[in-house]
1. Among what's in the stretch 70-85 and is without any contact (Cβ under 8 Å) to a residue 12 or more places away in the chain and surrounded by 13 or more Cβ atoms within 10 Å (Cβ to Cβ), pick the residue that is nearest to T23 (Cα to Cα).
2. Out of all the residues in the stretch 57-69, is one or more loosely packed, with under 14 Cβ neighbours inside 10 Å, free of Cβ contacts under 8 Å to residues at least 24 places away in the same chain and closer than 20 Å to G83 by Cβ?
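Since every read-out is calculated from the coordinates, none of them should be taken as a lab result. Note that the structure is predicted; figures quoted are calculated from it, not measured. So basically every Cβ, Gly included, is an ideal-geometry build from the backbone, and we count neighbours across all protein chains shown.
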Amino acid sequence: MSTPQLQRHRVIVFTTPTCPWCTRAKSYLRQHRIAFREVDVSRDPTAARDLVRRTGQTGVPVVEIDGKPIVGFDRARVDRALGLTGTRR
């Protein structure tokens, strides 16, 4: 019997080095073996401006999954966007 494969998602986490919720979001994704690209908006002003333009927010983290931003670390929304079921809350 073969195991079902998880769908691959394009995940980007917009962060800053001093953001505790960013650390939690990245740890959560790693715990679930979700590959992601991290963008430090404190070092990338172009990414910071683009993030504000797209979300209307200056806060981080923003977890972008398949082009759809989730502002803040909203575990339930992240789970839904990634198709994670039966995860601990």
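1. D74
2. Yes.
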